[in-house]
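Just so it is clear, none of the values below were taken in a lab; they were calculated from the coordinates. Quick caveat: nothing in here was measured; it's all calculated off a predicted structure. So basically every Cβ, Gly included, is an ideal-geometry build from the backbone, and we count neighbours across all protein chains shown.
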Amino acid sequence: MVFTGKLNDYEIYDNYSVGSNVIVLTYLTRHDLQPLRWRFIFYRPDKQWGLINMASMMSCSICSIKSVVAVDRGRRSEGLPATCCMN
């Protein structure tokens, strides 16, 4: 990817269930230029799980990993500028 560089590694950041039929998994991938956050939402209408949503978010150059973590968990970090892409 032009904006992120080569993928170096990844780690699971968060996972949680919404009831018994929805699972949300969030991964952070570390690239040469900047990290990406990936969120996968799985739904089980009967006995088999299926991916129903996948999204990635690239942080801007003034955002830190702590900002990504704060926004991902539904909290707005006090240190984020008003124009930051994470608001």
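General observations
- Between Leu51 and Asp32, residue separation times 0.36 nm minus the direct Cα-Cα distance comes to 4.0 nm.
- In the range 18-55, trypsin sites (Lys or Arg not before Pro) in a DSSP loop with at most 14 other beta-carbon atoms within 10 Å: Lys47
- Low-density loop cleavage sites - chymotrypsin sites (Phe, Trp or Tyr not before Pro) in the range 23-61, where at most 14 other Cβ are within 10 Å (DSSP): Trp49
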